[in-house]
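Heads up: the structure comes next, in structure tokens.
The values are calculated or read from the model by the stated rules, or taken from the named source; none is laboratory data. Note that the coordinates shown come from a computational prediction; the quantities given were computed from them, not determined experimentally. Here the Cβ positions follow ideal geometry from the backbone for every residue, glycine too, while neighbour counts run over all protein chains shown.
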Amino acid sequence: MDLADSFQTIVDALPDDWTDLELDLRIADESRYVDAAVYLTTCNARPYSHYEWHWRLLVAHRFGHAASAPTVHGTLGLLDDAGIEGELAVREVRSGRTEVVQMWGRPQSVREDFRRLRAQ
């Protein structure tokens with residue numbers, strides 16, 4: 001299975017309230033490491049020197065300081081298109097967290113828009 005398809009399978013299996021996802025990525029051919037690293041800069045993958053794993057991918061669902069799921073999916077699709085094979089391993093999933101936003105001093109219209117957007 002391609003990396004992008006594997007990622008989509010993982011995301012589809014998560015509950016709707018997931019907020020953060022941590023994945024490890026290992027490529028099959030280590031001679032393609034630099035090629036893969038160039039593509040993985042688009043989703044801010046962290047080089048990871050743990051036993052046989054090459055990168056840690058941090059994914060955010062609706063908010064947070066990580067790459068969005070569509071960005072990670074697209075990046076893994078670029079690896080697939082380049083013929084770079086590998087595997088993903090889920091390391092941690094967080095769910096049920098809510099975004100904290102300072103609303104002091106903001107007009108009521110902003111507060112209502114925020115609630116409406118986050119209710120989707």
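Looking across the stretch 80-120 at every residue that is among the hydrophobic types (A, V, I, L, M, F, W, C) and assigned to a helix (DSSP H, G or I), the one that is modelled with the lowest pLDDT is identified as Leu117. Of all the residues in the stretch 38-73, those that are among the aromatic types (Phe, Trp, Tyr) and touching a Lys or Arg at 6+ places or on another chain (Cβ under 6 Å) number 2.
Taking the condition of being of a type in the set (A, V, I, L, M, F, W, C) and assigned to a loop (DSSP other than H, G, I, E, B), how many residues in the stretch 16-53 meet it?
Quick first cut of the stretch 16-53, residues of a type in the set (A, V, I, L, M, F, W, C) only: 18, 21, 23, 25, 27-28, 34, 36-38, 40, 43, 45, 53.
Cutting the leftovers down to assigned to a loop (DSSP other than H, G, I, E, B) gives us 28, 45, 53.
Final tally of qualifying residues: 3.
Restricting Arg56, Arg32 to residues that are under 12 Å from the mean Cα position of the chain (by Cα), modelled with pLDDT of 90 or more and among the basic types (Lys, Arg) narrows the list to Arg56. Looking only at residues in the stretch 59-79 that are modelled with pLDDT under 90 and over 8 Å from the mean Cα position of the chain (by Cα), the one that is nearest to Ala4 (Cα to Cα) is Arg62. When restricted to residues that are surrounded by 19 or more Cβ atoms within 10 Å (Cβ to Cβ) and either in a loop (DSSP other than H, G, I, E, B) or charged (D, E, K, R) (or both), the stretch 54-79 contains 3. Taking the listed residues Thr42, Thr75, the one that is of a type in the set (Ser, Thr, Tyr) and closer than 26 Å to Pro15 by Cβ is Thr75, with no other qualifying.
Rundown of residues vs (1) polar (S, T, N, Q); (2) within 30 Å of Arg118 (Cβ to Cβ); (3) without any contact (Cβ under 8 Å) to a residue 24 or more places away in the chain, yes/no style:
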| residue | (1), (2), (3) |
| --- | --- |
| Met1 | no, no, yes |
| Thr9 | yes, yes, yes |
| Leu14 | no, yes, no |
| Thr42 | yes, yes, no |
| His54 | no, no, no |
| Gly64 | no, yes, no |
| Val72 | no, yes, no |
| Val93 | no, yes, no |
